[in-house]
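Report on the structure given below.
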């Protein structure tokens, strides 16, 4: 079975601060991992993806994530957040046989 | 740039009515999906479909059915809506279960 857990339903940070959104996965093999962002009344947009290779992946808008097989994690990070980063962030896990499964999402609020 | 197009954006209907939502993708992908997003933002896969196989999430009620005319289109029909069907329905596509591209969603309200 595959599953994705985002332990933080809500995160609030000040503008300019660093950010980490946590994601843990459960899967027996090496998964495909994704981070998506959803702005109000929009669909989900891909931020970054990991298939294999370098465990640190770069994405759009200066987001990056680090894959850790030992910790079964794929945390999203950003060095300095902007108010426009306020949104809901989803971690997702995929493989060749099943549709991607999504975590419950983390709502990020950036205080001015 | 949106390449998965959903219509309508919103739909309000009464319990027991039939509704149908349209989805088209222009990415040339071979797999399409319908996800349901509830009021708490939880995303659940309902169907995945390519030109060979339909995979149905076993928790989806039988009043829901996907309809496809070709690999670029996957519509969703709900035969007799119920209040718990109120949600945002997101259509998506991908190449063989790689990253998924989403439409903007159809918000259904059942009164």
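Read-outs: derived from the displayed coordinates by stated rules, not from any lab. Fair warning: this is a prediction, and the values are worked out from it, not measured in the lab. Methodologically, a virtual Cβ is constructed for each residue, glycine included, from the backbone with ideal geometry; neighbour enumeration extends over all protein chains shown.
Mean separation of Cα pairs under 8 Å and 6+ residues apart, divided by the residue count of the range B:1-60: what relative contact order is that in percent?
Working: 62 pairs, mean separation 14.0, N = 60.
Answer for the range B:1-60 is 23 percent.
Would you mind calculating the gained length between residue A:29 and residue A:9 on full extension (0.36 nm times residue separation, minus the Cα-Cα distance), in nm to one decimal? Write down the numbers at each step before the final one.
Working: separation 20, 0.36 × 20 = 7.20 nm, distance 2.68 nm.
Here the segment from residue A:29 to residue A:9 would lengthen by 4.5 nm.
With label points built 7 Å along Cα→Cβ from the Cα atoms of residue B:82 and residue A:71, find their separation and express it in nm.
4.2 nm
How many nm separate the modelled label positions at residue B:15 and residue B:38, each set 7 Å beyond the Cα in the direction of the Cβ?
1.8 nm
So what is the relative contact order for chain B, in percent, with contacts set as C-alpha pairs under 8 Å and at least six apart?
Working: 268 pairs, mean separation 42.8, N = 111.
This gives 39 percent for chain B.
How big is the gap, in Å, between the Cα center of the range B:4-61 and the Cα center of the range B:75-100?
Taking the Cα centre of each part, the range B:4-61 and the range B:75-100 sit 2 Å apart.
Please give the FRET efficiency for residue A:52 paired with residue A:79, using the beta carbon to beta carbon distance and R0 = 35 Å, rounded to the nearest 0.05. Intermediate values should be presented prior to the final figure.
On the way: r = 25 Å, r/R0 = 0.72.
Rounded to the nearest 0.05, the efficiency is 0.90.
Specify the inter-centroid distance of the range A:18-50 and the range A:95-112, based on alpha-carbon positions, in whole Å.
Between the Cα centres of the range A:18-50 and the range A:95-112 lies a distance of 5 Å.
By per-residue mean of other Cβ atoms within 10 Å, what is the highest-first order of B:37-47, A:86-96? Walk me through the numbers before you get to the answer.
Values: B:37-47: 16.3, A:86-96: 20.7.
The packing order, highest mean first, is A:86-96, B:37-47.
Hey, how many Å between the Cα centroid of the range A:57-74 and the Cα centroid of the range A:1-15?
Centre-to-centre (Cα) distance: 14 Å.
Ranked by Cβ crowding within 10 angstrom, fewest neighbours first, how are B:13, B:7, B:106 ordered?
Values: B:13 16, B:7 13, B:106 22.
With the fewest neighbours first, B:13, B:7, B:106 line up as B:7, B:13, B:106.
Relative contact order for chain A: what is it in percent, counting Cα pairs under 8 Å that are at least 6 residues apart?
Values: 275 pairs, mean separation 41.7, N = 112.
Relative contact order of chain A: 37 percent.
With a ≥ b ≥ c the root eigenvalues of the C-alpha gyration tensor of chain A, is it rounded (a/c under 1.5), prolate (a/b larger than b/c) or oblate? Can you show the working numbers first?
Working: a/c = 1.91, a/b = 1.60, b/c = 1.19.
Because a/c hits 1.5 or more and a/b exceeds b/c, chain A counts as prolate.
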